[in-house]
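Below you'll find the structure, written out as structure tokens, and then a few comments.
Please treat every number below as a calculation from the coordinates, not as lab data. Fair warning: this is a prediction, and the values are worked out from it, not measured in the lab. Every residue, glycine among them, receives a Cβ derived from its backbone with ideal geometry; neighbour counts consider all protein chains shown.
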Amino acid sequence: MLYVGIDLHKEKVYGIVMNENGELIKKEKFENEPEKFHKFLKNMEKEKAIVAIESTGFATPIYDFLKENGCETKVAHPLKTRAIAEAKIKTDKIDARILADLLRSDLLPSSYIPSKEIRKIRDMTRHRAYMVRFRTRLKNKIHAELAKRWIKTKGNIFTKKGIEWLRGLGIESINRYLDVMEILNEKIREISLEIKEIAKENEDAKLLMTIPGINYYSAMLILAEIGNVKRFSDSHKLCAYAGLIPSTYQSGNKMYHGHITKQGNKWLRWILIQCVHIHIKYDTHLTRFYKRIAARRGKKIAVVATASKMLRVIYQMLINKEEFKPFPLKSRKISVG
């Protein structure tokens, strides 16, 4: 058995090959190109090589390439790998040698790699979010241009009539921003329709849309970011994955809980918080939970706590394939007399 550690960089790749005894078999630096990978991995299929790569922004296509070429491949979890490497080898630098050594020692914590179908939906939902955020920045620029000229506005100025009024001002910079916004609006509509069509055929998305505040887009984003829900043994682990559990500090026999860790999937955390802001307009057990927390600790903490609770509810819904219950039987209050 051979153990291969690959340290990925945009232009260059550093590869290390070890045997079961930790002896160095091969060490090479090569360009990040398919042909160079083929050359480096030549004949390794016969030796049953296992490859480890660190999770980076461009690790997924490399992972697909290696899998398609018959290599058993693991993507190292960056935070956990760094912690183990620091304890074992006294350094927090993750390179090819450390990856190969941790792989050989069966100490490599690997990251979950979703299917290509899930990754495609992730790309779509994230891409839409990027475009909406860019459009918001343009709107803020337009408001700034108006403020510079002491032009006051009320309400939404980006309706059809509002845009006509903005163009009628004859401000060149605002007109350019509006031109870009028109293109963005069209692209956002296109990708939204694609996501909506996928949601119509997705049974889990239909379940999530029974939760007030979750529409087709947020349902598909949540599902894409979770991936296979059964990889989480309980709802607490799913909340940890989203960074929606409190950080814990221990000193002696005392334990303290602080703010949420935020060391998780930022997209899942973000969309849940957006959904909570809409959900609390409806009367449900989640809304009542929010109001209790808000009364004691403030609205910001209550929103985050409710997002965590909503995710726990989502976990049960997906596991049990059941619709949202505004007031579960066990938590419903019954007045007597």
How much length is gained on full extension from His143 to Ser173, taking 0.36 nm per residue of separation minus their Cα-Cα distance?
9.7 nm
Starting at the first residue of region 203-212, write each ³J(HN,Hα) from the Karplus equation 6.51 cos²θ - 1.76 cosθ + 1.60 with θ = phi - 60°, in whole Hz, x for Gly and Pro.
5, 5, 5, 4, 5, 5, 6, 7, 7, x
Given a cut-off of 31 Å, name the pairs among Lys10/Lys266; Lys120/Lys237; Lys48/Lys266 whose C-alpha atoms lie farther apart than that in the structure shown.
Lys48/Lys266
Based on DSSP loop calls and a cut-off of at most 16 other Cβ atoms within 10 Å, the longest stretch of the chain free of exposed trypsin sites (Lys or Arg not before Pro) is what?
155-261
Under the 0.36 nm per residue contour assumption, what length would be gained going from the current alpha-carbon distance of Lys48 and Asn21 to full extension?
8.2 nm
Please give the length that would be gained between Leu193 and Asp95 if that part of the chain were fully extended, namely 0.36 nm times their separation in residues minus their C-alpha to C-alpha distance (nm, one decimal).
31.0 nm
Region 122-189: which chymotrypsin sites (Phe, Trp or Tyr not before Pro) are DSSP loop and have at most 11 other beta-carbon atoms within 10 angstrom?
Trp150
Please quote Rg/Rh for the chain to two decimal places, taking the Kirkwood radius as Rh and restricting both calculations to Cα atoms.
1.06
For the pair Ile301 and Glu11, what calculated FRET efficiency results from E = 1/(1 + (r/R0)^6), where r is the Cβ-Cβ distance and R0 = 45 Å, to the nearest 0.05?
0.50
